[in-house]
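Bear in mind these aren't lab numbers, they're just calculated from the coordinates by the rules spelled out. Small disclaimer: the values here were computed from a predicted structure and weren't measured. All Cβ positions, even for glycine, are placed from backbone atoms using ideal geometry, and neighbour counts span all protein chains on display.
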Amino acid sequence: MYWSGGTEIITLGRVNLVYTEAVIDLKHIPECRALAVNDQSLIVGSALTLSELYDSRVFPLLGETGSGVADRTSRNKITLGGNICSQFIYKEAVLPLLLTDSDLVIAGPSGARRIPIGQIFNGTLRLGSGEFLVQSVTDSQYLTMPHFSIKKRKVAAIDYPVVTTAAIRTNSGIRLAFSGLCAFPFRSAALERLLNESKLPVAERVGLAASQLPAPILSDMKASAAYREIVWKNVLIDILTTLGE
Amino acid sequence: MKAIGRSVPKKESFDKVTGVAMYTADKVEARMLHARLALSPYAHARILSVDTSEAKQVQGVKTILTGDVSDVLIGEEIRDRPIIAREKVRYYGEVVAVAVADTEAAAKRAAELIRVEYEPLPVVNSPVDALRQDAPILHDKLGEYENEGRAVPVPGTNIASVNRLRKGDIDKGWKESEMIAENTVWFMPSDHAAMETRSATAEIRPDGYVVIDTSSQVPFTVKKYMANYFGIGSGWIVVQTPLVGGAFGGKSAIFLEPIVYLASKAVGGRKVKIVLTREEDMASAPVRIGLHATVKLGSTLDGYIKAAHITYRFDGGAYNDKSSDVAKAAVIDCSGPYGIPNLACDCFTLYTNHGFAAAFRGYGHSELTFAMERAIDALADKLGMDPWELRFRNAAVPGDTAPTRDLLTPSNLGDIKTCLNRLKILSEWEGWQVRQIDAYRIRAKGISCFWKNSSMDTDASSGAIILFNPDGSINLETGVVEIGTGTKTVLAQILAERMRMSPERIHVKLTVDTRTTPEHWKTVASRGTLLAGRAVLKAADDAIRQLLDIAACVLRADPEDLVLENEKVFVRADPSVNIEVREICYGYVYPNGNAIGGQIIGRGHYIQRRMNPLNPVTGEGTPGPEWNVGAQAVEIEMDTRDCSYRLMKAISVNDAGKVLNPEGARGQVMGAMAMGLSFANREGFDYNEQGMVLNPTLRDFSVLRYDENPSYIVEFIETPCLDAPYGARALGEHGMIGMPAALADALSRAAGVRLNQLPLYPETVWRARMGYSHVFL
């Protein structure tokens, strides 16, 4: 089992939900700790902590979305790669990477490969046997685009999401990605097309949005599906108003 | 030099902030064995078989205990609970087996390998379900259980106890009423969530002593009941309690001690230690009581309440433990702080397939207050009357009687009307109660009013011993457990004030050892300063008399002419004739070597005056010494779209009688307010339809965090209680009592719908607005 921040292995291990007899620590692989930006691209190592990403301010949308995960003390340990490869369904740090069509560098027994996130992340990161996430590579043009990130929780300031939404306004329209809404984090082309339908009033677009979801809205201890939908729709209105024309 | 009314820092703080303070689980010994629990995954099931063969193969395992190890049934009111489940499990998290091993890891591994075969049974998932005709019966031997006589069970049903109270003429009350309002509230059990999880060790020594270390509020009760349960002479039982890391009532139940005693017995008396994980502490150990209650009020059109009928259905969980007594405490004060002349209360403590209930800070009072205050608000709505005014008109005053028919006096009743008047000003109640901030945001205020008598055994007592040191300073020993309330420091202040010396010169013993520490009934009910405080005063007077006697010899003066001040004894009329306390507190040595006296030891005790138990039919009796009162308000800001809200401000005005330690008192009240808000806003177990707890973890059971707190305003008024040291009234629990009701009132005002369910998650508020019902997951 690969080890990065270790928060999930430790907390799930003590209640027998994770079992391993050996771990391989990725933090000492320099590529996994990389943080570099130039005119073309931003490289973020998978073993950087969510706190480091937030504090570096190089990719504000990623930093802010990651800062909604757990609490600061935990985020000092939780890493980008650990969050994306988490057993939990939320994986909120993946949302900005989905929105920016980032590439992921994956390494494994047969070497390293670079692959667009859309081809390897589908609800979860589809890693092959023995593979691990090394870094993400993001086109620098996205780093300064107007963005929005908001996490709605059941009641507490620190909790899993009722729904976490990240959005960015590109030249071709607003892109949105969600966590907590369905049983996996996602970005939906059909939904984006609808929500960018500028001929329709915002309220009407949002009213139709639920029909474009890739899966049923989650109903669990954090929120019923009906309430989640209300919360989500209010967020959509806020985003379309804030990032819209 | 005033010792009281001064913010003396807590004596234990220095050890706590440096991490040096020791708690029960911190004690490590090389030869200690470790126990871990196997818990039931079902809320109600028959145990078909327990297979320990695999578990016993784990290296280092000494023994595995199952229900067969003991047929002793335990419980403080009704002895209905096996120490380890036998035949049936009745709640999710019930202990079904215990593994004992050389190391905690081996014990854990073994506990996980214990194979239990269950046959699931239908569950009782709420107190309302418990009363249904076709409800599964949890205890078919209810009629055969030993009963201390305080609970009144109904065999053949799920009713663990019925309490009734009648005062005045209820029919006449309804006839005089021109307006009737009825309201029903409910909430599920929740957790105490103390920072320190429960732990205990037990050892049965070759000489016969049973030595128990436990994180408990009630070491003397542990001693008493261990003696009862296992037929051991109480002198052979030694219970030791160091600092306790938060308790809130949850550590007033006996839970781990019998388990770890049986474990030690099974391994030849070796010391066995058990420390609960957070998950075990939440699912397995006692919880806070749940409630479903209906309050019907009748009043005149100008808002004078003439009649009230209160029906409580308490969710006591799978075993009675203290739940029927918590329920009884709610009966005692069922009217709230109002002088209602005609009163009826029917109270059912019910068995359900939930964790069993222990005391929780407030002991039934934030529960009863939520029920009564929501009904008062419903009545105010119907009358079209300001809810503050309705409360003020009905506030109990000296001359009224309590529900128990005790006459209320200026000493035994705090000043409710002054609390309400101060609250009105501090909350700017007359300015506005609800207002729109912008398109989506609404601010609203809510208020509540409370009282609380304590409900102790009629012979609850406390003792104190003071011992002098050669430097003239004093060691103070009492049986109060330091659970974080700072009581031991306040007791030092009480002693210092009487001895007319500095509290810094009083050394308190923070740990309790039942073999040498004078008994203090239980560290519960906010009664440390009254019971132990009075004992300390008596011990001080005893010591002063001894000091004056010896000084009289030395100074060749009548003891009546002598005064103690500033660690000196001097002649009142001629202070130049004096002697230092340090020269006489260990006896006095004359210049030629002759000596008189010896180390001065002061002793004192206190027992409450003229208490008697309640009549189970009429509720008549004298359950406690005084009614402590206060008025509270909460201000919130709500987003009307999703009903999410922020706590903006919380106010509490308490009648403290006399504030002994201002910062300590503020801390107690503010902490209690935070706890009340947290309970009302987010704390509750989520059960599925099978009665399983879905959130027995702090991942999913959230408590209010530091930066989620509102701003707090705490104010005290001082109407002295003549029985209490320097007039001080109880404080420890009272800040929380009215908070749930005040929060619900504020949110109801913002949401435009009456909210009667806790916790008040934003979704709960939203569902009430939409008219949706509760769903099990």
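Things to note:
- Region B:558-702: Cα Rg divided by the 2.2 N^0.38 Å rule of thumb: 1.96
- For B:Leu760, the residues 5 or more places off, or on other chains, whose built amide H falls under 5 Å of its own are B:Asn681, B:Arg682.
- Peptides A:59-70, B:572-583, B:422-433, B:287-298 ranked from most to least packed by the mean count of surrounding Cβ atoms within 10 Å: B:287-298, A:59-70, B:422-433, B:572-583.
- Divided by 2.2 N^0.38 Å, where N counts the residues, the Cα radius of gyration of the protein assembly as shown comes to 1.03.
- Cβ crowding within 10 Å ranks B:Glu689, B:Glu373 as B:Glu689, B:Glu373, fewest other Cβ atoms first.
- Dimensionless Rg/Rh of chain B - Kirkwood Rh, Rg from C-alpha atoms: 0.99
- Sorted into 10 angstrom bins from 0, the C-alpha pair distances of region B:370-454 split as 14, 41, 31, 10, 4, 0 percent.
- Peptide-level mean, for A:149-156, of C-beta atoms on other protein chains within 10 Å: 5
- Sorted peptide list for B:234-246, B:756-768, A:124-136, criterion being average Cβ within 10 angstrom, highest first: B:756-768, B:234-246, A:124-136
- The mean number of Cβ atoms from other chains found within 10 Å of a Cβ in peptide B:696-705 is 3, as a whole number.
- Percentage of interatomic Cα-Cα distances in region A:67-121 larger than 12 Å: 70 percent
- Coarse-grained scattering of region B:106-178 at q = 0.28 Å⁻¹, given as base-10 log I(q)/I(0) from a Debye sum over alpha-carbon atoms: -1.25
- Mean residue ellipticity (222 nm) of chain B, computed from DSSP H runs ≥ 4 via -39,500 (n - 2.57), nearest 500: -7500 deg cm²/dmol
- When the alpha carbon gyration tensor of region B:312-395 is reduced to an equivalent ellipsoid, its three semi-axes come out at 29, 12, 11 angstrom, largest first.
- Cleavage-rule hits (trypsin sites (Lys or Arg not before Pro)) in region B:76-133: DSSP loop, at most 11 neighbouring Cβ within 10 angstrom: B:Arg132
- Listing B:Ser366, B:Ser324, A:Ser102 from fewest to most neighbouring C-beta atoms within 10 Å gives A:Ser102, B:Ser324, B:Ser366.
- Sequence-ordered 3J(HN,Hα) estimates for region A:162-175 from the Karplus curve with 6.51, -1.76 and 1.60 and θ = phi - 60° stand at 6, 7, 10, 10, 10, 9, 9, 9, 9, 5, 9, x, 8, 10 Hz, glycine and proline given as x.
- Here is the size of region B:459-607 from its Cα atoms: Rg then Dmax, 16.0, 54 Å.
- Fraction of C-alpha pairs exceeding 12 angstrom in region B:633-681: 70 percent, rounded to a whole number.
- Distance from region A:71-127 to region B:584-662 (C-alpha centre basis), Å: 56 Å
- Put in order of Cβ neighbour count within 10 Å, fewest first, the listed residues B:Phe248, A:Phe148 become A:Phe148, B:Phe248.
- Degrees separating the helix A:225-243 axis from the principal Cα axis of chain A, which is the longest one: 80 degrees
- With 19 Å as the limit on Cα-Cα distance, the pairs of B:Lys11/B:Lys509; B:Lys2/B:Lys452; B:Lys223/B:Lys488 that go past it are B:Lys2/B:Lys452; B:Lys223/B:Lys488.
- Taking only the Cα atoms of chain A, the radius of gyration and Dmax are 17.7, 58 Å.
- For peptide A:222-234, the mean count of partner chain Cβ atoms within 10 Å of a residue's Cβ comes to 4.
- Each principal axis of the Cα cloud of region A:145-243 was taken in turn, and the coordinate range along them, longest first, works out to 37, 26, 21 Å.
- Within region A:2-140, all pairs of alpha-carbon atoms sorted by distance into 10 Å bins from zero give the percentages 12, 46, 35, 6, 0.
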